[in-house]
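Scroll down for the structure; my scribbles are underneath it.
What follows is calculated from the coordinates using simple rules that are stated; it is not laboratory data. If you're wondering where the values come from, they're calculated on a predicted model, not measured in any experiment. Cβ: placed from backbone, ideal geometry, glycine included. Neighbour counts: every protein chain shown.
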Amino acid sequence: MMRALSNLNPQTLRIIALLLVLALVILFFSTQISNYLNGRLFNRISSSVAIMALIATAQTLVILTRNIDLSVGSVVGFTAFATGSLIAAMPDLHPLLLVSFSMLFGACFGAFNGFFVAYARVPAIIVTLATMALFRSLLVEFADGKSITSSQLPQWLTSFPNTRLFELGQFQFRASFVIAVVIVIAVHIALQRLRVARKLYAIGSNPEAAEMAGINQKLTVFFAFVCAGALTGLAGFMFLARFGNITVVAGLGFELKSVAAAVVGGVNIFGGSGTVFGALIGAVLVDLIETSLVRWQLVSEFWREAVLGTLILTAVALDAVVMRRLVALRAAKHHEKREKEVTHG
Amino acid sequence: MDKPSPLASMWAKVQTWEGFLVCALIFIVLMNTALSPQFMTLGNQINLFQLSIEKIIVALVMTFVIINAEIDLSVGSMMGLAACAFGYLFQMGVDPVLAIAIVLLIGAAGGALNGFFITTIGLPSLVVTLATLIGFRGLARVLVEDRGITDFPDWFDALGQQGWLGPVPFALIAFGVLFVCLYVLLQRTGFGRKTYVIGTNRDVAAFAGIDTNKHKMILFIMSGLVSAFAGLLYAARVGAVRGDVALGFELDIITMVLLGGVSIFGGSGTLLGTLLAILIVLNLRNGMALLNITGHIQTGVIGILLIASVLLPRVDVSTLLRGKKQQESGS
Amino acid sequence: MTQPVLSLDHVSKRFGSTLALSDMSLVLFPGEVHAIVGENGAGKSTMIKIMTGIHQPSEGTVSVDDTVRTISGSQTARELGIAAIYQEPMVFPDLDVAENIFISQVGGGWLQNKAKQRREASALIERIGMDLDVDRAASGLTLAEQQAVEIARALSQDVRVLIMDEPTASLSAHEAEQLRRIARQLAADGVAVVYISHRLEEIFEVADRVTVIRDGEHISTRLITETDTDTMIAEMVGREVGNYFAKAKSHARDEVILSVGGLTLDGVFENIDFELRRGEVLAMAGLIGARRTDVALALFGIHPATSGTVAYKGEPLKITSPKQAMDAGIAYVSEDRRKLGLAMPMAIRANISLATLGDFLSKIGLINREKERATAHQFRQRLNIRTPDIETEVGMLSGGNQQKVMLAKWLNMQPDLLIFDEPTRGIDVGAKAEVHDLIRDFVKQGGAAIVISSDLPEVLAMGDRILVMREGEQMAILDHEEANQERIMALATGQDDLGRVAA
Amino acid sequence: AVPAAADMMLEGGQEVDMVLLPKFLGILVFDQANEGAQEAHAELENPGELLFVGPTPENSVAGQIEIMTTSATQGQGAVMLSNNAGDQIVPSAQAAQEAGTRVVTWDSPIPSGDGEDVFVAQVDFGSIGVVMADMAHSILGGSGQMAVLSATPDAANQNAWIAAMEEALEDDKYADIELVDIVYGDDQAEVSYNRALALVDQYPDLGLIMSPTTVGIQASAKAMQDEGLCDQVRVSGLGLPAEMLSYTLNGCAPEFALWDFRDLGYLTYYTAYGLATGQLSGEIGETFTAGRMGEYTIEEDPGREGASRILMGPFTVYTADNVEAAAQ
Ligand SMILES: Nc1ncnc2c1ncn2[C@@H]1O[C@H](COP(=O)(O)OP(=O)(O)OP(=O)(O)O)[C@@H](O)[C@H]1O
Ligand SMILES: Nc1ncnc2c1ncn2[C@@H]1O[C@H](COP(=O)(O)OP(=O)(O)OP(=O)(O)O)[C@@H](O)[C@H]1O
Ligand SMILES: [Mg+2]
Ligand SMILES: [Mg+2]
């Protein structure tokens, strides 16, 4: 079994491992919670994970380059608010224009971060720690005590996240979820196939070598942050559409949630390895655990966080241990292969 | 070796990051004194520390942790857990002194837990402490649920609220003592040297026979212990605890340390830098508060300062080196 | 001759106080292999880094095709067809070999064609004469394999100037041979090859012209046919150096200090058996990947052996951590100074005291700085480490001087058993001789040494006995008398049929 | 107690600097309160300053303590506090009082009552309980399951109101109404939204989500609407007409209640001004006229013994009939 697995490449392995964990969690809760396993569960998770999936994807892009973006929460909040104010001001703005506005708006924040990280060479954790506070402050200034309410928003906007594109039995596939998944898959494929994207991995893997190999590090990292910004902006748009009511606390704490999702999804926090698909599963896992815990009679409301923390930790630890075993196996196989070659050759 | 002129050496000192911080600090203090009459009053000077005393105490150990190329995001939650655990035990009728002992134990245990996953399991500290940030907060929640616990014994409240040596409160003295001890520990002892070496390149340290895991374990236990201590001080200062005590403190703490010129990738930085950064942040916040500048603008200013803190001393370390350090501390 | 492809005119380079290059001029013609030799810290790497835009000259100009250019970075260099393989190989551990080779390739469309990439990659690796699975992640690669990847990367782009900074430093004779072949072949294709090496004998095999530099200054540029080893060395060091490869007589005593029996690390090496006496030098020879380092790491407790016995000074000893090994008096000088040997951003002083920090501590654990400085100064003299002062960051030193600092760190421990892994990798003749003398002194005073080296002359010069490994197996232990290059190579490559090889 | 001087008018024009300190900045209701306070400030022609300073959302507790302390240092005449720090504010509030600064709480009091001169209560906390119980009763038609979606476990006034409601539910009138669970949405849209749905999944027979927080009620209503659950699970609690309009009209949240934060700010300012200028002593039984809002009396706070309050009340229950008018 293990041997068979060890033939696959690490990234596929990781995703399989994650899916296993996911299955285990679902199995566990299905024994604990009555009428748990049904389409409804899927609908809940799928529609609530859509936003975090996008943010986790953005976070992954940045982490791959051995950076981190702690400002995503503030960017989501600000974008949601700005988008809301815009559509409130001109209600018959074309949807596509509105979406592109959100993404552009987010991309600007990304560019700001990216500039300081890539060109001014300030460590990402410092830049984004600062911009997290900065953007939030700007939002409070900008909001000036007002808040966006769903009554200010056009019908199409508030209803689109839940419009059912198609259904499989009980499983409803809603716009927000489908869009998120489509984007994640698109980014996933891009990261595996686009040569530019491979450079993200290269830089995260060994910045020094990247410099020597003549990869345009500055531009690539900047590019990563801008893309992340755009995705976060889109998340902001979805946030607005889903919740309708936007105050200055919108998106508070998303930075850590997204990092958690990415990490649980097997993205190496030190860059170079990991997939956005993994990040998606990570986001689902965290969301699933959170939602299920609320429904789990055994743990009172107050135990939720404690259990969540424990589960995240064990999930990551498990993943690490399993991966190590498999890698060791691969190495052993590789060695054997060499041995054989020698004896035959 | 010819001695450089005193003036030149002065200038050389100013050019160091610490030197720059000193200048910045002097400037800020002067500005504050000029702009608000109440600034230079003894009361305000003490309040200025009191208001963030717990954060700045934890910032001292955080300096060790970050120089060691690790990070501890769980400090805020640990402070909360400690405070709540104390409140809980107190409500259970446990003798406060015993309660304090138990709480400190909890702190050490929490640190050890972080340490275990980071050293034995080999997970990145960012990940582990991110999880325990949630977990410890959760435990605090479990202990106090939706209650607010208050009416601690007077001597306990006094510890946090009244002058101990004259007008100087206990916490401030504790900070002073702790600073001196930790300063010597980091800058003068073998332990400190190891902290730097491991932070610079873990493998090199290991190949030199240093038990890096043990060292990191000790650091995280220190971090947990001091956080718990700070949590108790907080409880004493505000005379009440609640599930959300010290929520989000970790970021302020890390900000101060980084502002002090400690490299987020480990291996470089000094406690003096951290101290200066602390003074700058506190004075700046206090000054702005006295000028009735509201919270979010204050945070914004600190944010800008943080970026500036890296841009200004833009001298030595090339990004390549940074990258390398981080990689090695990571692997 | 044709017009020069690349030329430096009166280039100088300052690093703060150190003048790494002064008034250096050099002309490169297409189709030549141009060797550059010089002592450690002479300025070779610095010159290279100027050619490839890593550093900018403080004075002077660089011109390509007789037009003055400012090479602002490695990308510009790439565009001008200048590629380099650096002293320390650099790969991307998370990418597979093929990607490592083509990552920085210009053009070739947006998408990467895996299949095509794999094919071309294998072709390149073959051309270098390496056998390497191109789908394998680079993380597990040995230094040599990493080097191969870098060379392949350089070859993958059509280069006009290929600079090799000590490419063979980490290669065994066998692979070094291959590499020189490639260099010649490239030259034949009209590429200008700059070839830096401390192995003079190979200079004569590969180079058309050779430039000697000393202390950052240009000393001479000659056709290889118009010079010889002695003049070259004399010009490099500015003095006569004795025949540094002469084997000194053994100082071996009777007392066995270390005896290893059936030492095995599953999946890595197996059944290593040898005895080591005080005053004796055991050399370990073998190709890259022979797993000599791993044996050393096992003895030093980094990757403890899974089975087998180790008796040290008579008593059985189970080594599971470096600390243990060091307490017993065993030291290991790593082959990879950048990753495992030195804390680059820290002062020389701090690095030298690192392994023996305990000796510098007062009762209450404070570091005795005077003692620390004194020790550092002493070693600076004894190994003549070239540096402005002992507070200099080790990272600022040249490769060879870094090596010396690393040796100092371990010598200060005054061990009974010293394991040197490639002790003279990237070290110039002068320093080499010094290091060899250091090792000899060490054993003369009753220590015992294991010297892992891929440099056969060195193996023969140092080893009282020579243990040859291949693919994790111990092939033989030869006494110095019965050993010669052919015999060792034969064992190392697994064709023990002497007759054929020797003939 | 002092003889209740029949409606004593506060005389304006006296100079006193005052600080209006909300839980944190950027929330609509607090800005409305500020508007009210500013209105009173102008009305009373106070030459002094009225500052509206507050902490950032993520730094609310520490920030409030800091501002309270600084105000004392500055010698402000009064601090008007919507307390978010629970009893953690007590030491700094007491210090402020010792420094001669009056501490008037509004919207959310200091639980222990220490360090507070008087609490301007938007409504009687007991009656909020009753009103919520009544709304539940009428929505559920007398019987059914309901769950509470509160802000955070630390929100002092939400906790007080929920307690009051639980007390009210003891009454036989509500015998058939079952309170099945209390969960927290952290006053964040997405958390509240997900909690609300989780409640529905956990309690198939749930008929009502009672959310005594403007963020929670809006998020729950939206969640029910989005999932098309409005016909089986209704939403009620405390909400802003402007935010609840659509849900009230489409029946997702047929009834909810709230008070006017402008008035609250206005009344709070009058009280604080009176105290800071020494025209009011803060004694129980003291009566005064707060401009347009008329006469108010300082009384004992039934919820917190030893503490005193001024009861603004009554508050409005919004239904499809009156919500549109209020939303304008
Ligand atoms: N980045 C730097 N900063 C300061 N000094 C430097 C730097 N790089 C090199 N030097 C100094 O410049 C001189 C030349 O170094 P260089 O690496 O070119 O020598 P080298 O000829 O390559 O020696 P080796 O054969 O050991 O590699 C040395 O004295 C070294 O200390
Ligand atoms: N096939 C391999 N896969 C993974 N790691 C390897 C492999 N070969 C060597 N290494 C690692 O590379 C390092 C160099 O050891 P190596 O196997 O090359 O033995 P060696 O004979 O010492 O070669 P060298 O001459 O480079 O020292 C060791 O740390 C070893 O663990
Ligand atoms: Mg060199
Ligand atoms: Mg080796």
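What the table shows:
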item	result
Environment charge at C:G329 (Cβ cut-off 10 Å; Lys +1, Arg +1, Asp -1, Glu -1)	-1
Overall Cα dimensions of region C:346-413 - principal axes, largest extent first, Å	37, 19, 17
Length-normalised contact order for chain D - Cα pairs under 8 Å, 6+ apart - percent	21 percent
For chain B, built as a Gaussian network whose Cα springs stay under 10 Å, the top-fluctuating residue of B:I71, B:I106, B:I57	B:I106
Anisotropy class of the protein assembly as shown from Cα gyration tensor, a/c 1.5 cut	prolate
Residue among C:A328, C:L340, C:L366 farthest towards the positive dipole end of region C:257-370, charges placed on Cβ	C:L366
Three-way shape label, region A:1-159, alpha-carbon gyration tensor, a/c 1.5	oblate
Sequence-distant residues sharing a close amide H with C:G60 (under 5 Å, placed H)	C:S12
Net charge of Cβ neighbours under 15 Å - reference C:G308; Lys, Arg +1; Asp, Glu -1	-4
Magnitude of the charge dipole, the protein assembly as shown, Cβ model with Lys/Arg +1 and Asp/Glu -1, debye to 20	4960 debye
Degrees between helix A:10-32 axis and first principal axis of chain A (Cα, 0 to 90, nearest 10)	60 degrees
Selection from A:S47, A:I63, A:I148 lying farthest towards where the dipole of chain A points positive, charges on Cβ	A:I63
Kyte-Doolittle at least 0.0, axis length at least 20 Å by Cα - qualifying DSSP helices, chain B	B:17-35, B:53-67, B:75-91, B:96-119, B:125-144, B:170-188, B:212-238, B:271-290, B:295-311
For region A:231-318: relative contact order, % (alpha-carbon pairs under 8 angstrom, 6 or more apart)	21 percent
Relative packing of D:149-160, C:357-368, which averages over residues the other C-beta atoms within 10 Å, highest first	D:149-160, C:357-368
Between 0 and 90°, nearest 10: helix A:39-64 axis offset from chain A longest Cα axis	70 degrees
Residue (of A:A235, D:M132, C:L28) at the positive-pole extreme of the protein assembly as shown, dipole from beta-carbon charges	C:L28
Convex hull (Cα only) mean projected area of chain B, reported in nm² to one decimal	19.0 nm²
Largest to smallest principal axis extent of the C-alpha atoms in chain C, angstrom	69, 54, 47
Whole-number Å³ per residue for the convex hull built on Cα positions in region A:2-344	160 Å³
Dipole in debye (nearest 20) - region B:140-228, about Cα centre, beta carbon charges: Lys, Arg +1; Asp, Glu -1	640 debye
Cut-off under 5 Å, modelled amide H: who pairs with B:T189 long-range	C:I367
Charge dipole magnitude, Cβ of K and R +1, D and E -1 - chain B, Cα centre, debye nearest 20	760 debye
Charge context of C:L383, other residues only, Cβ under 13 angstrom, K/R +1, D/E -1	+3
Distance violations [Cα-Cα > 27 Å] among C:K49/C:K371; C:K13/C:K371; C:K404/C:K444; B:K216/C:K313	C:K49/C:K371; C:K13/C:K371; B:K216/C:K313
For region D:255-328, diffusion coefficient by Stokes-Einstein and Kirkwood Rh (Cα), 20 °C, 1.002 mPa s, µm²/s	154 µm²/s
Within 10 Å of each Cβ in B:142-153, the average number of Cβ atoms from other chains	5
Cα centroid separation - region D:123-201 against region C:328-405, whole Å	69 Å
Rounded tilt (10° steps) of D:60-74 against the dominant C-alpha axis of chain D	10 degrees
Shielding by partners, peptide D:88-101 (average Cβ within 10 angstrom, other chains)	3
Average Cα contact separation per residue, chain C, under 8 Å, 6 or more apart, as relative contact order %	16 percent
³J(HN,Hα) computed for each position of region D:258-273 - Karplus, 6.51 cos²θ - 1.76 cosθ + 1.60, integer Hz, glycine/proline x	6, 10, 9, 6, 4, 4, 4, x, 4, 5, 4, 4, 4, 4, 4, 4
